[in-house]
Amino acid sequence: MNTTPAAPRAASTASVAQKALHKLGLVRDIDLALHLPLRYEDETRITPLSSARDGQMVQIEATVTASEVQLRPRRQLLVQVEDASGSCELRFFSFYPSHQKTLAVGARLRIRGEVKGGFWGRQMLHPAFRQAGGELPAALTPVYPTTAGLPQPYLRKAVVGALQRVDLSETLPPGTEPPYAVFRRDGGSYRAFNLREALQFLHHPTPDVSLSTLEDHSHPAWQRLKAEELLAQQLSQQQSRRERDRLRAPVLRPRKPEGGVLPLHEQLMAVLPFDLTAAQRRVGLEIAQDLARRVPMHRLLQGDVGSGKTVVAALAATIAMDAGWQCALMAPTEILAEQHFAKMIGWLEPLLAAHGRRVAWLVGGQKKKDRTAMLALVESGEAALVVGTHAVIQEQVRFKNLALAIIDEQHRFGVAQRLSLRQKLAAQGMEPHMLMMSATPIPRTLAMSYYADLDVSVIDELPPGRTPIVTKLIADSRKDEVIARIGAQVADGRQVYWVCPLIEESEALDLSNATATHADLSEALPGVMVGLLHSRMPAAEKKAVMALFSSGQMGVLVSTTVIEVGVDVPNASLMVIEHAERFGLSQLHQLRGRVGRGAAASACVLLYSTNESGRVGETAKERLRAMAETNDGFEIARRDLEIRGPGEFLGARQSGDALLRFADLATDTHLLEWARELAPAMLDRHAALAERHVMRWLGGKSDYLKA
Ligand code: ADP
Ligand code: MG
């Protein structure tokens, strides 16, 4: 229902609306068909005024008995209406002369609004109205998510048109109904919906529907939609996996010892100061088996922080290097890349030297001269391993023969970056093997959906001798006690991280906050070297600070979340995280993993803010309690998924477009299982249907799922 009279400039309104449609991504008919209502309004019946309850949204038909403009206490239009059962006052604080005309005494109107039944009689504030009469709609009226310049009536019309035009013919093979029969409510039975019926229904549901099943998406029409969406995702991922299986990659088999010379990977094992854990050996084997195949490996190596993924990666690299090929190891930040580089040099250069080869280093801020030298090493093949940041994948970097690309903290890298790594061996008609590492455990349902095209290895045990990290929640009003504890730790020869939260709205504020904390701690801890690390610092300065901390000279390192990933200083045994309530649980777990890397008992203090209203402080504390309860990254990830949805885990892996819009992995596991089982059979036996299904749901976006 529309309160505005005829649109004054119809043509320009339409073009504005058209633009707005595009802005919302509503371009194809199918986009509009899948643009589902936020909620519904019931305009299917007329309620007698006498039976309208206080606070109820009703539609009435009534006659105007009085209409006047009042000027005090503020200008307003007051209109009395009445139907056969009672009367009501309409009140408008903003109105046009045209409104007054429509609302003239004697006019019969259809009015919709919320009834307030006060002592002085019924009232409606700014109700929608138009002339009475005309047929009542048979279905509920949809209210869509929209944006400025796109009025509901326009959007409704566009959706109706699209629903008429769009091809919604069946794409599910005969006899493959999704399992939504489980959703029977109130003993009532629901019929099955095909896609056309489901969309028709969700846009224009009959008034007898139980609104709660629409709201919680348990209605079978919703189930059908979610099942189809999950199926499209599965088809697309399993398809890309099949395409990859047709590609070729270098076959890399561990060398046998010859002439008394051990293969590189055995030499590396021999120099390591520790034995591999059983889990490390198992995943190492899984990777070695992949490398020996002639199709490119795409494997995700998951392991909680500190589980020892780096050495597994290094061992995989030795297999490739031993066969004369090159490897790349890429990390999202310079600090992390630097740590990897130091480790790789330590482990590998002595071994590589015998082959006349070495480890190269590539980062953004490098001196031109160094960079040129490194690029030459990469191109000639003298660099058996290249460690670096995004700089490794730039176009000018030409590998002689890249066989294995290792990406640490893979969720920090985007699709385009993985694609360009894959192209680094294109000249030889092959693709390199890819090993992606992540310390953010991916819950099973996520792995089954978004990562369905990857093989997954999990390191599910920590190296022995680690004492579990004790996590404490402390109100920030007790900061002083915490600082005293830091002093004691440092006096004991231990080191401490102090993490300041990222302030999203303002990097400058973020910085000043960290700077202030740094000053406070320096003052409170005389005689202790307190360092500061933040993302805006020049690379050389960061490096210097990190070096002081790594060598143990610096007792306390204040930092923004730049240390989140991968930093490894085993002597650090206390971490304080300020405003912990601003972080996601998985992120806190990552941060916490920076301590507890050595044999000393380690602790993590989560300072939560109490200056917010007490209640907010309580919920935050409740959420944070999970951190104190478990050190299991998977359990934490599961809770995080419940609280914050999948976005946190996927990072740059998926463009927002490719995210699931309808299905909810927390509640729709049965539909996911169904889709996962159906997809391969469908690709085998109903290829045309499968293709139509993917095009309908993903359009051109399916490419994005393939990197
Ligand atoms: P992450 O999986 O978080 O990347 P790292 O690879 O940085 O973990 O390893 C954490 C620490 O554990 C490093 O200091 C590493 O040298 C050490 N480490 C790795 N594997 C073992 C092992 N099997 N036994 C003892 N220490 C190990
Ligand atoms: Mg790591």
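The values are calculated or read from the model by the stated rules, or taken from the named source; none is laboratory data. Please read all numbers here as calculations on a predicted model, not as lab measurements. Virtual Cβ from ideal backbone geometry, glycine too; neighbours counted across all protein chains shown. Remember, those area values only see protein heavy atoms, side chains included, never the ligands or the DNA or RNA. Shrake-Rupley method; radii C 1.70, N 1.55, O 1.52, S 1.80 Å.
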Violating pairs (Cα-Cα greater than 30 angstrom) within the set 256/424; 343/368; 369/543; 23/621; 19/116: 23/621; 19/116
Accessible-area composition of segment 45-131, carbon plus sulfur, in percent [1.4 Å probe]: 51 percent
Which of 455, 408, 480 is most accessible, then next, and so on - probe 1.4 Å: 480, 455, 408
Local electrostatic count at residue 92 - Lys and Arg +1, Asp and Glu -1, tallied over other residues with Cβ under 12 Å: +1
Segment 540-599 - accessible surface per residue (Å², probe 1.4 Å): 26 Å²
Surrounding net charge for residue 206, when Lys and Arg each add one and Asp and Glu each subtract one, Cβ distance under 15 Å: -3
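Measuring with a 1.4 Å probe in the full set of protein chains, what accessible area per residue, in whole Å², belongs to segment 310-407?
Each residue of segment 310-407 exposes 35 Å² on average to a 1.4 Å probe.
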Vicinal HN-Hα couplings computed from phi for segment 419-435 (Karplus, 6.51 cos²θ - 1.76 cosθ + 1.60; Hz; Gly/Pro x): 4, 6, 5, 4, 7, 5, 10, 4, 4, 9, x, 9, 10, x, 6, 10, 10
Whole-angstrom gap from segment 443-472 to segment 142-181, using each part's C-alpha centre: 39 Å
Gyration tensor verdict on the chain (Cα atoms; rounded if a/c is under 1.5, prolate if a/b is larger than b/c, oblate otherwise): prolate
Loop-resident sites, segment 233-278, for trypsin sites (Lys or Arg not before Pro), counting at most 16 other Cβ within 10 Å (DSSP): 246, 248, 255
DSSP bridge pairs, the chain: antiparallel proportion in percent, nearest 5: 35 percent
Net charge, residue 22 excluded, C-beta distance under 12 Å - Lys, Arg +1, Asp, Glu -1: +2
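Compute the relative contact order of the chain as a whole-number percentage, counting only Cα pairs closer than 8 Å that sit 6 or more residues apart in sequence.
Numbers: 1231 pairs, mean separation 91.7, N = 707.
For the chain, the relative contact order is 13 percent.
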Sulfur and carbon atoms: percent of accessible area, segment 264-459 [1.4 Å]: 54 percent
